[in-house]
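Trainee: First the structure, which I've put down as structure tokens, then a few questions once you've had a look.
Since every read-out is calculated from the coordinates, none of them should be taken as a lab result. None of the values given here were measured: they were computed from a predicted structure. Glycine also receives a Cβ, built like all others from the backbone with ideal geometry; neighbour counts cover every protein chain displayed.
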Amino acid sequence: MTEPDFLTATRASYETVAQTYTNAQSQGLQGRPYDRAFLSLFAELLGEFGGTRVADVGCGPGHITALLRDLGLDAFGIDLSPAMLAQARQAYPELEFHEASLLDLRVTDGSLDGIVALYSFNTVPAEHLSQAFEGFRRALRPGGVLLLCFSVRDEPTDMTTWLDHPVALPLQRLMPDEVTRALTGAGLHVQSQLVRDPRPPYETRPYAAIIAARPVS
């Protein structure tokens with residue numbers, strides 16, 4: 001099957017910036033209180049039913065995977081960029097990292113208690129959301145939880161420079177209500193949705209966080 005153009009472009013861009021991006025993330029989630037709070041809430045929700053096995057989809061250099069581990073979860077990372085995975089494996093050799101895309105996680109159906117996708121959907125066109133979310137539903141066990149965070153954008157745009165590197169990164173329109181409808185259409189129950197204003201000076205647009213779950217029955 002031919003790979004969608006957006007995946008090819010996304011991989012190429014992340015390959016280009018892998019080392020610089022890793023350096024930029026060296027402080028982890030310092031200065032990102034919302035993300036820390038969402039991840040802690042996610043871990044607590046999994047703890048309510050004894051869930052521990054979690055996939056960090058779009059894990060990049062692995063810092064979120066490691067944080068999930070520190071929250072007591074059996075977390076592993078998935079990313080489509082070999083260069084990013086090389087950074088993750090070097091930094092966290094004790095953790096698992098696998099090459100795959102969010103359209104094909106390559107995990108056994110019903111094998112995950114949770115999925116985290118922090119800002120890994122910003123390049124996914126609307127017509128591919130259903131495919132991705134249906135795959136997430138299959139991967140989750142009944143009751144399994146999804147945490148999805150993304151920057152809100154009402155029009156697509158192409159990023160041509162990132163971290164002082166030339167890239168061709170296709171940033172897509174992502175509106176919270178449209179994403180929620182796609183999740184519901186894929187058979188996931190949306191439990192909460194939060195949209196927040198940007199926090200200057202580093203954020204320039206609103207951000208959304210959605211928690212959804214695979215229904216128990």
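Trainee: Give me the one-decimal Kirkwood hydrodynamic radius in Å for the stretch 40-92, with the sum taken over alpha-carbon pairs.
Mentor: Radius from the Kirkwood sum: 11.2 Å.
Trainee: When Lys and Arg each count +1 and Asp and Glu each count -1, what net charge do the other residues less than 9 Å away from LEU171, Cβ to Cβ, add up to?
Mentor: Result for the neighbourhood of LEU171: +1.
Trainee: What is the local net charge at ALA212, summed over the other residues whose Cβ is closer than 13 Å to its Cβ (Lys, Arg +1; Asp, Glu -1)?
Mentor: With Lys, Arg at +1 and Asp, Glu at -1, the neighbours total +2.
Trainee: Compute the relative contact order of the stretch 74-217 as a whole-number percentage, counting only Cα pairs closer than 8 Å that sit 6 or more residues apart in sequence.
Mentor: RCO, the stretch 74-217: 22 percent.
Trainee: Principal axis extents for the stretch 13-102, Cα atoms only, whole Å, descending order, please.
Mentor: Result, largest extent first: 40, 28, 23 Å.
Trainee: With the Cα gyration tensor of the stretch 32-152 in hand, give its eigenvalues times 5 under a square root as the equivalent ellipsoid semi-axes, listed largest first in whole angstrom.
Mentor: In descending order the semi-axes read 18, 18, 15 Å.
Trainee: Using a simple spin-label model with points 7 Å from Cα along the Cα→Cβ vector, what separation in nm is obtained for GLN90 and ARG205?
Mentor: Computed distance between label sites GLN90 and ARG205 equals 3.0 nm.
Trainee: Still on this structure: Could you list the square roots of 5 times each eigenvalue of the Cα gyration tensor of the chain, that is, the equivalent ellipsoid semi-axes, sorted largest first and rounded to whole Å?
Mentor: 24, 20, 18
Trainee: Round to a whole angstrom and tell me the spacing of the C-alpha centers of the stretch 51-102 and the stretch 138-217.
Mentor: Here the two parts' Cα centres lie 19 Å apart.
Trainee: Compute the length gained on full extension between ASP177 and VAL190: take 0.36 nm times their separation in residues and subtract their Cα-Cα distance, giving the result in nm to one decimal.
Mentor: 3.6 nm
Trainee: Pick out, in residue order, every one of the GluC sites (Glu not before Pro) in the stretch 8-82 that is DSSP loop and has at most 13 other C-beta atoms within 10 Å; say none if there are none.
Mentor: GLU48
Trainee: Also, I was wondering about something else. Looking at the P(r) of the stretch 107-217, how many percent of alpha-carbon pairs lie beyond 19 Å?
Mentor: For the stretch 107-217, the fraction of Cα-Cα distances above 19 Å is 46 percent.
Trainee: Would you mind checking the stretch 95-116 for residues with the amide N under 18 Å from a putative spin-label position 7 Å along Cα→C-beta of TRP162?
Mentor: Under cut-off, by backbone N: 99-103.
Trainee: Continuing with this model, one more query. Take every DSSP beta bridge whose two residues both sit in the stretch 1-156, then give the antiparallel share in percent to the nearest 5.
Mentor: Of those bridges, close to 5 percent are antiparallel.
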